[in-house]
Amino acid sequence: MTNTTVQSGANKDLTLEEAHFRARVEAREEPADGVVGLTLVPSDGGRVPSWSPGAHIDLVLEDGLVRQYSLCGDPQDRTRYTVAVLLEPEGRGGSRRIHETLRVGAEVEVRGPRNHFRLEPAERYVFVAGGIGITPILAMTGELDRTGRPWTLVYGGRRRDSMAFADRLAALGPHVRLWPQDERGLIDLADALGDPAPGTAVYTCGPEPLLRALEEHCAAHWPAGSLHLERFTPLDVDTTGDTPFEIELADGRVLTVPADRSALSVLAEAGLDILSSCEEGTCGTCEVEIVKGEVDHRDTVLTPEEKEENCSMMVCVSRAACARLKLDL
Ligand code: FES
């Protein structure tokens, strides 16, 4: 296994070469209706690469299908990874494949981990999770308990029996509140977050309507930079007005990206070996440093502040907002 990283201008770890290994499903459970929890151990009996709460891995399925899942176990335990996968009947097939084929003893290729949803230093933490968005937050709350930092969690879901790990979390104490929608309606964000307090970080992961509501609430009531979120779904971007642009490389070559192609595909065709995974702007694998030029950022990985800084871009979806970009490639 190899894993080499460098720091980007946006202060992320840009992975040049990632760990990848075969893993065996050691255990499988059903922590909620429609959710399977998988314990994955390296097939060669080795240790898993280190990770921090908020990290995700790729599961590379048959036919090259790649899906990303947050790690929800204990980062101190280097013998295994744990993920929880929600069956999405209307999805693109990845979750169904996992539910149907990854039984105990089955093997799967694992890539990563990588982390664009880190726990930043704060005096206290407020978590709001929706549905399967509980998975990265589960690892975060475990880390905070281990290091003795205060946190609260409001965890919503359609029904109590659809909420993975709900009983385990509720047993932790009154700082965890379950919010099943069929019993309590939508999460009351003012109640869940409380009054804005200095030194408090708000973390959320869940369905898009919840994330948008939290963005609006925090923009109106909380200090800038308080909210940290992770999106699993790509931005809905109107591409009808896309135009060609140029990319200048470090060796002086200039490539043209046609209106109907991604920068990633043009760079790959030119022989640049850029790692990619989701190819829809949600995983952060294809992040590349910008040397010069303005970018039309279309990913869900970089924060608004990082997009403003314009130090790096996800070349699978983002495009130039100028005639030519110079990239650190
Ligand atoms: S490949 Fe996932 S963000 Fe580009």
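Structure summary
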quantity: Whole-number D in µm² s⁻¹ for the stretch 127-176, Kirkwood Cα-pair radius fed into Stokes-Einstein, 10 °C, 1.306 mPa s; calculated: 144 µm²/s
quantity: Relative contact order [Cα under 8 Å, 6+ residues apart], the stretch 245-327, whole percent; calculated: 38 percent
quantity: Ratio of Rg to Rh over the chain (Cα coordinates, Kirkwood Rh, two decimals); calculated: 0.97
quantity: Alpha carbon centroid spacing (whole Å) that separates the stretch 239-295 from the stretch 80-130; calculated: 27 Å
quantity: Which of T239, T79, T135, T300 has the fewest Cβ neighbours within 10 Å, and the rest in rising order; calculated: T239, T79, T300, T135
quantity: Loop-located GluC sites (Glu not before Pro) in the stretch 107-144 whose Cβ has at most 16 other Cβ within 10 Å (DSSP); calculated: E123
quantity: Percent of alpha-carbon pairs separated by more than 21 Å within the stretch 98-191; calculated: 43 percent
quantity: Principal axes of the stretch 164-297: Cα extent on each, largest first, Å; calculated: 60, 31, 29
quantity: Ranked V176, V104, criterion: other C-beta atoms within 10 Å, fewest first; calculated: V104, V176
quantity: The chain - mean residue ellipticity at 222 nm from DSSP helices (-39,500 (n - 2.57) per run, n ≥ 4, rounded to 500); calculated: -5000 deg cm²/dmol
quantity: Additional length obtainable on full extension of the chain from A171 to A259, 0.36 nm per residue less Cα span; calculated: 26.4 nm
quantity: Stokes-Einstein D in µm²/s, Kirkwood radius over Cα pairs - the stretch 245-327 at 4 °C with 1.567 mPa s viscosity; calculated: 103 µm²/s
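We did not get these values from a lab; they are worked out from the coordinates using the rules stated. Keep in mind it's a predicted model, so treat the numbers as computed, not measured. Positions of Cβ are backbone-derived with ideal geometry, glycine not excepted, and every protein chain shown enters the neighbour counts.
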